[in-house]
Structure formats: C-alpha cells, structure tokens
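These notes are about the structure you will find just below.
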Amino acid sequence: MTRTVHGLSAPQLTIDGEGVGSVQRLAVVDPATAEPFVEVPAATPEQLDRAVAAARAAAPSWRETPLAQRRERVRAFAAVVRENVDELARLLTLEQGKPLSRARGEIGSGLAYVEAFARMELAPEVLKDDASEYIELQRVPLGVVAAITAWNYPQLLSLWKIGPALVAGNPVIVKPSPYTPVSTLRVGELAQEVLPRGVLQVLAGGDDLGRAVSIHSGIDKVSFTGSSRAGKAIMAAGADTMKRLTLELGGNDAGIVLPDADPGAIAADLYAGGMSNCGQVCAGLKRLYVPAGRAGEYADALAAVAAKVVVGNGFTDGVDMGPVQNAPQLQRVRGLLADALDRGGEVYFRGDAPDGPGYWHPVTLVRGVPDGVPLVDEEQFGPVLPLLTYDDVDDAVRRANASPYGLGASVWSADVDAATAVARRLEAGSVWVNQHPMLSPEAPFGGLKQSGIGVESSPLGLLAYTDISVLRVKR
Ligand code: NAD
C-alpha cells in the first residue's frame, strides 16, 4: 500500500485552509483489483470539532461577502477543479471503478451545476412598501453546512452541494463516502487556492464520522445523499439541534413501456437507463414493465444491446462498464439475484466480466420474477435488471406506485401525449417520457415518499441552503 496515487501525493484532510494528516487512516480499495491502492487520513472527532470551529469562524465574513463576489469565488473554484480534471478523473476511476471517460463526464457535469448556481440570484423580495411599513423577505444563509455523500457519484454529489451552499453564503464541510474519499479530498485541497480558509473543508471518515456530523451542535444543515436507512438516522439525530436537512435517498424506479412502443427503437435507451454506472444510479431504471404479449421482443432487443457492452478496468480503452464499487454491494447484488432465481426468475442474458480479483459482476437481465421478490421490491443498485410484464396499463401504474420509494419513473411510447398522460399518474420526484434518467441544472431533483426530503439543482436547490428572515420597518 502506498501513500502516493499514481505518482501523486495522497490527498490530506483540509481543515481551516491547511492540509492535515490524522492518527487514523483509511485504506481505499480499487474495485477493479480488490486491493487497497492508497491510505488517506480519517478525521478524528477532535478534527471534526476543529473544522466546525473554523467554519463558524469563517461564516460571518463569507455571509457578508456580497453575492456577486461569492459567485465570482465559486466560479474560480469551478475553474480550478476544471484545470485539474485529468488528475481528478484518474483518482475517481481508481476509487470508484467507472471508465475514465465517464469519470471526466461526471466532473464536467458537476461543474456545470456549480456554474449554474454561480449565475443565480438571491434577491430579497419586497412584500410591502407604503407609507406605513416596509416589509422585505430576505433569504439568509443557514450557517455551517455538512455535505455527506455516497460512493456512486462522489464528484457529482459533492459538487451539487458545494455550489449552492457557497453561493448562498454558508461554509461547507464535505464528508465523502469512506469507499471513495480520494478525489473529494483532492478537490478540498485545490479549493484552498481560491476560497478563504474555513469556507470549504473536506474530512474523510467512516459512518461514525457521519453520525458525529449529524449530531454536532455547530452544524446547521446536513445535505445528505445516500441510503434511506442512513437518511432516517440523520433525520432522527438532527432533531435535537433542529438541523435543516436535504435528504437525497434511495429509489426503485419503474419504467412502463406502452404497447405501441418499438423495442428496437428504445432498447438502447432502456438499457442505459438501467445499467449506467454499473447499475449504481439512484434514479436508475430498476424495474422494467412491458406488455405481456411483447416480453420476448423486449428481451431480445435488450439482450442485443447488452451483448455489445464491454466490462473491464476503467483505465482500459473501449470499456463501457467497470466493477461494482465495493465488496458488500457485490454480495448484495449476487444475493438478490440468487434469491430471484430461486423464486422463479430466469436469466435471459448474462454478459462477460473479467475473472479474478475485483468486484466484477456481469450484466444480467432476468425475467419471470414475481412482484414481492426483493430484486423487484427493493433497490438492487447493481447490473441486474428485472423485466416484468403487465396486462393492462392501470395495473402497471398501480404496481409502479406500490413502493415506499418515489425518486424517478418513466413511460415509453411512440405517442408522446399518451405517455405523458400515464406519466402524470406516477408517484415520483422526476417522471420522464422516453428517457430515464435525465437531470439538468434548470430542473429541481428530489424524491417523493422515502426517497428523500427537499430538492437539489435549480433555483429551488439554491433556496434549500437559505432560511427566510422577514424584515419589517415601521414608518
Ligand atoms: P450510505 O447511506 O451507506 O452512505 C452514504 C454516506 O452516509 C457515507 O458517507 C456514509 O459514511 C454516511 N453514513 C452512513 N451512515 C450514516 C449515519 N447513520 N449518519 C450519518 N452518515 C452516515 O449509502 P451508500 O451505500 O454510500 O450509497 C448508496 C445509496 O445512495 C443508494 O441507496 C442510492 O440510491 C443512494 N443515492 C441517492 C441519490 C439521490 O440523489 N437520491 C444519489 C446517489 C445515491
């Protein structure tokens, strides 16, 4: 194990503008080899206290920095990340497993959001202005924000939170997943070139550090992306200090294909909807409902797409899909698949995956799995997609909605109006027609039901990092 990463120094924690080590260390595994490739410092509880104190010290002047200057600093932050995209993408591929081109794409996409937030306004709203009184609705920062992120999109998820938190006037402490802390730590280091000390800090650590964040009295908001299980724990833990919360949690997105759709025309998009990022997408297509009479056609069309997919090390040219990100997740996916096959499921396509070490799982397409089986009812978060059949659309809508989750959903048809009418009946924070998923900076993104609370992205995502304060001046 080395303390350098491909010839670069392993990144440190960033606390109060300085790179610091720790008495605790975290070994980070390359999922393509199942071997640790680097050790990074893991923050102690005392270091969390120091970071919170530094953030609180930085908060007043960051809050009082005029919005235009904060936005300018945030643009400078985006620029410094972009200048270092090659290094960051390599770190991301090493720690996460995704192909290098996708790693670059993830960072570029995250930066597009940061830059969009850096163009947004936070103007006060005048509610009354007459001879008797002036009333103004102000959007004030919350204080210190903690951003806790998952391992599937470490860069995108942290940039989604850093951008609006900073523009809105809050210092941020980022706690990436212990499986993928490396590229986020490096972003913390790079940010010190352009941001005042204490305004952006990054602390690596395990779930215990997340729990310490979620009860810390010096943290005003937790913006969390991860599992519904951890989201519930954070909500409970934050009650005592009345923390503001944004929770972006799990999903079990259904896609309903209407009878008129052409399998050959949509199979590639359906496949990508389910299998992008090795199936590890919160709003990925996780249950595909097709008309019973056409199941064979869909199975053939999806298998034809899947047959062209190359699974391998993300640094190898031409690879479309990397490994599952971590060992427990690989075990979970294997377990869900084995259970579904025991309960009547049938594999209609199984792709190739490298032998030997690494958390490899072949692309696996299954059918014949009844509702009520965990592969259908729970979030699989891996490269296994069940094909389900329905006899009438009302039944498909009912089954799609029969989930504690409500993150995304889609409807597919050559008749856009018919698909849109069905889409309006689906219970999800984002409902797509003839695509899945599709996110962009102008639209809010969040979950209904147990998929989360609040939204990210769009001006509403910026407001999530503010509170309302009403100013009333008697005349
Ligand atoms: P996870 O909940 O196990 O971990 C996410 C983060 O939370 C990590 O940094 C972890 O250390 C921390 N954490 C864990 N327990 C905690 C606790 N009790 N208190 C505070 N922090 C805690 O999730 P994961 O396995 O890393 O990620 C996969 C999950 O994330 C999936 O369910 C996926 O759907 C979800 N996800 C959701 C979105 C979204 O936008 N809705 C996006 C990506 C991933």
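The values are calculated or read from the model by the stated rules, or taken from the named source; none is laboratory data. Note that the structure is a prediction, hence the values are computed from the model and not measured. Methodologically, a virtual Cβ is constructed for each residue, glycine included, from the backbone with ideal geometry; neighbour enumeration extends over all protein chains shown.
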Yes or no: Lys98 in the same structural domain as Leu200 (by TED's automatic domain parsing), more than 22 Å from the chain's Cα centre (by Cα) and either part of a helix (DSSP H, G or I) or not small (Gly, Ala, Ser) (or both)?
-> no
Log entry, pairs with first residue in segment 134-147 being among the small types (Gly, Ala, Ser), second being assigned to a loop (DSSP other than H, G, I, E, B) and at pLDDT 95 or above, beta carbons closer than 6 Å, six or more apart or on different chains, reads Gly143/Asp220; Ala146/Ile219
Is it true that Ala233 is closer than 29 Å to Tyr390 by Cβ and outside any strand (DSSP E or B)?
-> no
So, in segment 232-286, of the ones that are surrounded by fewer than 24 Cβ atoms within 10 Å (Cβ to Cβ) and among the acidic types (Asp, Glu), which residue ends up nearest to the ligand (Cβ to nearest atom)?
-> Asp240
Test result for Pro328, within 30 Å of Asp86 (Cα to Cα), part of a helix (DSSP H, G or I), of a type outside the set (S, T, N, Q) and free of Cβ contacts under 8 Å to residues at least 60 places away in the same chain | yes
Residue hits (segment 442-456; touching a Leu at 6+ places or on another chain (Cβ under 7 Å) and either outside any loop (DSSP other than H, G, I, E, B) or within 11 Å of the ligand (Cβ to nearest atom) (or both)) are Phe445, Gly447, Gln450, Ser451, Gly452, Ile453, Gly454
Within segment 383-405, which residues are of a type in the set (Gly, Ala, Ser) and either surrounded by fewer than 23 Cβ atoms within 10 Å (Cβ to Cβ) or modelled with pLDDT under 95 (or both)?
-> Ala402
Note on Leu88: of the conditions (1) among the hydrophobic types (A, V, I, L, M, F, W, C); (2) surrounded by 15 or more Cβ atoms within 10 Å (Cβ to Cβ); (3) within 20 Å of Pro178 (Cα to Cα); (4) touching a Pro at 6+ places or on another chain (Cβ under 8 Å), unmet is (4)
Residue identified as surrounded by fewer than 18 Cβ atoms within 10 Å (Cβ to Cβ) and either out of contact with any Pro (no Cβ under 6 Å at 6 or more places or on another chain) or within 22 Å of Met275 (Cβ to Cβ) (or both) among Glu379, Glu427 = Glu427
Test each condition in (1) more than 16 Å from the ligand (Cβ to nearest atom); (2) of a type in the set (A, V, I, L, M, F, W, C); (3) under 23 Å from the mean Cα position of the chain (by Cα) for Leu185 and report the one that comes out false.
-> (1)
Restricting segment 206-230 to residues that are more than 7 Å from the ligand (Cβ to nearest atom) and of a type outside the set (A, V, I, L, M), the residue that is nearest to Gly143 (Cα to Cα) = Asp220
State whether one or more residues within segment 211-222 are touching a residue at least 60 places away in the same chain (Cβ under 8 Å), part of a loop (DSSP other than H, G, I, E, B) and under 28 Å from Arg90 (Cβ atoms).
-> no
From the list Arg50, Arg25, Arg90, Arg56, which one is outside any helix (DSSP H, G or I), of a type outside the set (S, T, N, Q) and out of contact with any helix residue (DSSP H, G or I) (no Cβ under 6 Å at 6 or more places or on another chain)?
-> Arg25
